[in-house]
1. Condition first: in a loop (DSSP other than H, G, I, E, B) and either touching a Pro at 6+ places or on another chain (Cβ under 9 Å) or more than 29 Å from GLU220 (Cα to Cα) (or both). Now tell me which residues in region 305-328 satisfy that.
2. Only residues that are open to solvent by less than 20 Å² (accessible area, probe 1.4 Å) and not in a strand (DSSP E or B): list them for region 30-63, please.
3. Which is open to solvent by less than 20 Å² (accessible area, probe 1.4 Å) and either over 14 Å from ILE167 (Cα atoms) or touching a residue at least 12 places away in the same chain (Cβ under 8 Å) (or both), of ARG228, ARG291?
4. For region 144-167, state whether one or more residues are at pLDDT 95 or above, over 24 Å from TYR256 (Cα atoms) and of a type in the set (A, V, I, L, M).
5. Of the conditions (1) modelled with pLDDT of 95 or more; (2) among the polar types (S, T, N, Q); (3) closer than 19 Å to ALA140 by Cβ; (4) open to solvent by less than 10 Å² (accessible area, probe 1.4 Å), SER210 fails just one. Which one is it?
6. Would you check which residues across region 184-207 are open to solvent by 20 Å² or more (accessible area, probe 1.4 Å) and either small (Gly, Ala, Ser) or outside any loop (DSSP other than H, G, I, E, B) (or both) and list them?
7. For residues in region 104-135 being without any contact (Cβ under 8 Å) to a residue 60 or more places away in the chain and of a type outside the set (Val, Ile, Thr), which is nearest to LEU440 (Cα to Cα)?
8. Residue check: is ASP518 under 22 Å from GLY127 (Cα atoms), among the charged types (D, E, K, R) and out of contact with any Leu (no Cβ under 9 Å at 6 or more places or on another chain)?
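The values are calculated or read from the model by the stated rules, or taken from the named source; none is laboratory data. Quantities reported herein were computed from a predicted structural model and do not represent experimental measurements. With ideal geometry, Cβ positions are generated from the backbone for all residues, glycine too; neighbour counts draw on all protein chains shown. Just so you know, the surface numbers come from the protein's heavy atoms only, side chains and all, with ligands and any DNA or RNA stripped out. Shrake-Rupley method; radii C 1.70, N 1.55, O 1.52, S 1.80 Å.
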Amino acid sequence: MAMGKILSSGPILLFLLYPVALVSLPADAAVKRYQFDVQVKNVSRLCHAKPIVTVNGMFPGPTIYARDGDRVVINVTNYAQYNMSIHWHGLKQFRNGWADGPAYITQCPIQNGHSYTYDFNVTGQKGTLWWHAHIFWLRATVYGAIVIMPKQGTPFPFPQPYRETNIVLGEWWNNDVEEVVKQGNKLGLPPTTSDAHTINGKPGPLFPCSEKHTFAMEVEQGKTYLLRIINAALNDELFFSVAGHNMTVVEIDAVYTKPFTTQAILIAPGQTTNVLVQANQAPGRYFMAARPFMDAPLTVDNKTATAILQYEGIPNTVLPILPKLPLPNDTAFALSYNAKLRSLDSPLYPANVPLKVDRRLFYTIGLGINPCPTCLNGTRLTASLNNITFVMPHIGLLQAHYLNIKGVYTADFPDRPPQQFNYTGAPLTANLGTTLGTRLSKIAFNSTVELVLQDTNLLTVESHPFHLHGYNFFVVGTGIGNFDPAKDPAKFNLVDPPERNTVGVPTGGWTAIRFRADNPGVWFMHCHLELHTGWGLKTAFVVENGKGPDQSILPPPKDLPPC
């Protein structure tokens, strides 16, 4: 499909963006090969120049293009001073956790001067996903889109757009992000918030020195455009809107949805949303805008990033119109928007929701305070699931599992919190210590799992976007307050719930997900707010091998990075 015509201040490196199909496979599959050079480059935004880590010198990095059924081979060579690993967010990686990418979970990182080849098949997936660094806070600048087209001859289940454009939302810090984080950790406090949000790496003209750092796309009157929207921000859920134009949501997290029309979308870090936009307004220039949603008493970078949707033939001197975005704390919009998301559930694209549950899990999400003799107040903010703050190992958990290396982790993560309490009542500010451990949950192959994620008011309630590696899951229920196991399951949607890889747990509420554990391996599950992941808001599932020939973890590749 043709790309949207992009108006941009920088050169467009098409030769980096479009891979060559090198090998013909059966049917219409191909091998798509990429070279990713991780390198430091000086970049200027907001009147500040600084060195940032990039892929191929691009910010954001190159887009990966593939078709359902293709094999994708990406050789990553690390020329930066930091260790590096890259996660292909939302790709299921059947039996092939070695290509999943989270550092110290499925691999040790790629060290300076070394390479690792991520080699994986795209099977039964199509739509918009993305890739990002999965170590430290390096995904602040190391990220890009993944566009998976349907098999040749398979149309979209919605009107064919005239063109399409990637809209990747991000964050920008004027200072070195790794230094910002180190400073916060030293004090035991959150690091400073970002200085701007960005759209395709550019903050837009509402920021200083940003006239030339504005993304623009040109449209033709009467034509329909597909926007592939990705939230690559580290810590902010974002509203996104196009002035004067409605959007029709047709896909989330690379799964088709029942289309609905909206003036704004809500998108959490890690999520993707595809929308159709018709260029049916008076020809002019219209701002596309993104700003945070935060309905808890916490500080965020609440500035608005903008890009421009420009009708053909309209001069750049015309001032764009700003959209009306929901207010930053508009909980009602957030809840009603998420309630509209439904799987397409058609004969071609069924929603195979597990109706029988083999294993019920209940995980509380909490903030905490642990002693820290070297920190400013002698304490450090921390985060936990079921009161356990996850401790990262020094060897990949998948290797430890596959090679049966003892002493790296224990498989005793509790199915329930250690004690029950009024999770979302008055703020709890006493007894905030958490237990530390590298504790995983073992899941039988092909069993069905229901997991309820419950926010708590330890220090404060807050919204948390959770990402499960290796799987999609169905979001069967959500609510405000405490989950009631006697009453709430009766209200679950088991017909056409949204299918995703990243879900927001509402502030002071809960979310219930279901999935079938048919992908053996060690699969990370964590809050996609980088701040909370760093504080320990994460765990992993060990999904055991099945008995069949295609139900075991594949052997590790020869070039798997050493620890």
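1. GLU312, GLY313, ILE314, PRO320, LEU327, PRO328, listed by residue number.
2. Residues satisfying the conditions are LEU46, GLY57, GLY61, PRO62, THR63.
3. Selected residue: ARG228, the only one of ARG228, ARG291 that is open to solvent by less than 20 Å² (accessible area, probe 1.4 Å) and either over 14 Å from ILE167 (Cα atoms) or touching a residue at least 12 places away in the same chain (Cβ under 8 Å) (or both).
4. Scanning region 144-167, I find no residue that is at pLDDT 95 or above, over 24 Å from TYR256 (Cα atoms) and of a type in the set (A, V, I, L, M), so the answer is no.
5. Result: SER210 passes all but (1).
6. ASN185, LYS186, LEU187, LYS202
7. Per the criteria, the residue is HIS134.
8. For ASP518, the condition - under 22 Å from GLY127 (Cα atoms), among the charged types (D, E, K, R) and out of contact with any Leu (no Cβ under 9 Å at 6 or more places or on another chain) - is met.
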